[in-house]
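A short write-up of the structure that comes next.
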Amino acid sequence: MSLLVVGLSHRSAPVSILERAALSADAQAKLLQDALAVEPVAEASVLATCNRIELYADVDKFHAGVAEVSTLLARHSGVGLDELTPYLYVHYEDRAVHHLFSVACGLDSMVVGEGQILGQIKDSLATAQRLHTAGRLLNDLFQQSLRVGKRAHSETGIDRAGQSLVTFGLEQLAGDEQVADWAAKKRALIIGAGSMSSLAAATLARAGVQEVVVANRTLERAERLAEILAQPGGAGAAGGFAARAVPMASVSGELARADIAVSCTGATGLVLTAEAVAAAVAGRTEGDPLTLLDLAMPRDVDAAVHRVAGARLVDIESLAEASADAPMAADVDAVRTLVSEEVAAFGAAQRAAHITPTVVALRTMAADVVAGEMGRLRGRLPDLGEREQAEITQTVRRVVDKLLHAPTVRVKQLAGEPGGAGYADALRTLFDLDPQTVAAVSRADQGARGDSAASARIHTDDLNRDRS
């Protein structure tokens, strides 16, 4: 089996294609289930964020795997295969590992160095585990990517290379001003109460806005977020700050009062039309514009708002353009080195693990040979005492262990090198090992790993979460 990733992101596709290809949670689950139903795929996990859609799979055939996975992405995204294909990228084996580790470290993010992607990878793994589509390879891969990403943020200065998408978006709205100076005493409308919207609300509250109004389809979630912001010690619990919740039906009225609007919902259609924004800015003074930040994919705010006088919109598309010119920190090179080292270590560990069932089968065969020969000896020498039998058995086992020690240790070392998988085949051929025995050992090992993965809990409470 081999690791394959097929996907598209802000680096390979325009926002219009990403927007059309966006997958809901239900669509992601169906994609995973359908992936496991096709012949080349043994495991699958989907990583879907506001600016990337990737399907990771353990496949037994490269070309068939690419064809099947690409077809599935097109079918579930609703974008035709012919139209989608030019924007797809494919990574295989070590290149696929390198890609995910780079993504986890923030090197492939729209804003280099942002840490929210770690929360998205964690969610992706949790979904695959819940649906039982992740086996040994993808469990190992995704958990290792989380470790690598956390290591990059703790051991390098990658955090200095960029900010979260929320912070970057607010900085684009603020222009030449500091966000705190620009936001002071303003009224903010937050549409949506998910993790991205919550982060925007908290950021604006800390920046000193006068009021945060939270609108959400589920009013209880909006009320909970407003309570958190307003409670003592909360992000905006300074003098003069207010936070309240409203139903989605009140958005039009609140938009007319707001200075800043941030939207990030899971809606499949527009939340704010150009007409609604034009009505909200009607009658405002020339120096009192409405600034809007749209972090949703598909977009929440009509792109035509860019042409509405008195309104300024920053959305995913304009963020992509702005981030392309953002300076890269020197620490990015350190993270790239770290990623390369971790990819090599992961590959070596996977290759070494591949040979383990063969080594176990070899030692099992040797133990069976010792047991058989001792049985024949007892038949030929029935008067041999128990003490003598035990001593002879121990001596024969020591001889066998010494003969097998050096070659099995060496073959594990060699298996960790590129192309090392061939050593397992050589061992099976030289010692005429039963393929069924090797397969049985491998299945037992995968079962033990699966039980461990199912009971494990990935502790990433310190990560920024984003389910957009």
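With only Cα atoms counted, segment 316-410 has Rg and Dmax values of 28.1, 90 Å. Karplus-based coupling profile of segment 240-250, in residue order and whole Hz: x, 8, 9, 9, 8, 10, 9, x, 4, 5, 8, with θ = phi - 60° in 6.51 cos²θ - 1.76 cosθ + 1.60 and x standing for Gly or Pro.
Measuring only protein heavy atoms, the 1.4 Å probe finds Thr273 accessible over about 50 Å².
Of all lysines in the structure, those lying under 26 Å Cα to Cα from Lys412, and not within fewer than 8 positions of it along the same chain, are Lys61, Lys402.
As a ratio to 2.2 N^0.38 Å, the alpha-carbon radius of gyration for segment 99-232 is 1.24. Within the full protein context, the accessible area of Tyr89 is estimated at about 40 Å² for a probe radius of 1.4 Å.
Looking at the chain from every direction and averaging, what is the projected area of its Cα convex hull in nm²?
28.2
Among Glu317, Glu155, Glu254, the sequence by solvent-accessible area, most first, with a 1.4 Å probe is Glu155, Glu317, Glu254. With the alpha-carbon atoms of segment 1-82 aligned to their principal axes, the span from lowest to highest coordinate is 34, 24, 20 Å, starting with the largest. Which FRET efficiency value, to the nearest 0.05, is calculated for Lys30 and Thr273 with the Förster distance at 41 angstrom and r the Cβ-Cβ distance? FRET efficiency, Lys30 to Thr273: 0.85. A dipole drawn for the chain from +1 and -1 charges on Cβ atoms has a positive end, and of His76, Thr364, Ala29 the residue lying farthest that way is Thr364.
Here the label points at Arg217 and Glu286, each 7 Å from Cα along the C-beta direction, are separated by 4.2 nm in the simple model.
Ranking Arg363, Arg299, Arg20, Arg75 from most to least accessible surface, computed with a 1.4 Å probe over the protein chains only, gives Arg75, Arg20, Arg363, Arg299. Specify the angular offset, from 0 to 90 degrees and rounded to the nearest 10, of the alpha carbon long axis of helix 62-77 from the longest principal axis of the alpha carbons in the chain. Helix 62-77 and the main axis of the chain meet at about 30 degrees. What the Cα atoms of segment 71-137 give is an Rg and a Dmax of 14.1, 34 Å. Heavy-atom accessible area with a 1.4 Å probe sorts Arg376, Arg428, largest first, into Arg376, Arg428.
First check a/c for segment 1-149, with a ≥ b ≥ c the square roots of the eigenvalues of its C-alpha gyration tensor; if it is under 1.5, answer rounded, and if not, answer prolate when a/b is larger than b/c or oblate otherwise. If you can, show how the numbers build up before the last one.
Numbers: a/c = 1.38, a/b = 1.04, b/c = 1.33.
Since a/c stays below 1.5, the shape of segment 1-149 is classed as rounded.
Between helix 195-207 and the chain there is an angle of about 50 degrees, using the helix long axis and the longest principal axis of the Cα atoms. Computed from Cα positions, the angle between helix 94-104 and the longest principal axis of the chain comes to roughly 40 degrees.
Scanning residues 5 or more positions from Glu43 or on other chains, those with amide H under 5 Å from its amide H are Asp58, with H placed 1.01 Å from N in the peptide plane. Shape of segment 183-287 from the C-alpha gyration tensor: oblate (a/c of 1.5 or more and a/b not above b/c, with a ≥ b ≥ c the square roots of its eigenvalues). Couplings for segment 10-18, taken from phi via the Karplus curve 6.51 cos²θ - 1.76 cosθ + 1.60 with θ = phi - 60°, read 4, 7, 10, 9, x, 4, 4, 6, 4 Hz in order; Gly and Pro are left as x.
Cα-based radius of gyration for segment 44-90, normalised by 2.2 N^0.38 Å, reads 1.10.
The length gained on full extension between Ala256 and Glu388, counted as 0.36 nm times the residue separation minus their Cα-Cα distance, comes to 37.9 nm. In the complete set of protein chains, residue-level accessible area for Arg136 is approximately 50 Å², probe 1.4 angstrom.
Taking 0.36 nm per residue of sequence separation and removing the Cα-Cα distance, the Ala126/Thr364 pair yields an extension gain of 82.1 nm. Could you quote the convex hull projected area for segment 167-226, Cα atoms only and averaged over all directions, in nm²? Computed as one quarter of the Cα hull surface, the answer is 3.7 nm². Summed over the residues of segment 153-229 and divided among them, the accessible surface reaches 43 Å² per residue at a probe radius of 1.4 Å.
Whole-Hz Karplus values for segment 134-139 come out as 9, x, 4, 4, 6, 4 Hz, taken residue by residue from phi with 6.51 cos²θ - 1.76 cosθ + 1.60 and θ = phi - 60°; glycine and proline positions read x.
The values are calculated or read from the model by the stated rules, or taken from the named source; none is laboratory data. Just so it is clear, the structure is predicted and the values come from calculations on it, not from any experiment. Methodologically, a virtual Cβ is constructed for each residue, glycine included, from the backbone with ideal geometry; neighbour enumeration extends over all protein chains shown. Areas reflect the complete protein model, heavy atoms only, side chains present, ligands, DNA and RNA absent. Shrake-Rupley method; radii C 1.70, N 1.55, O 1.52, S 1.80 Å.
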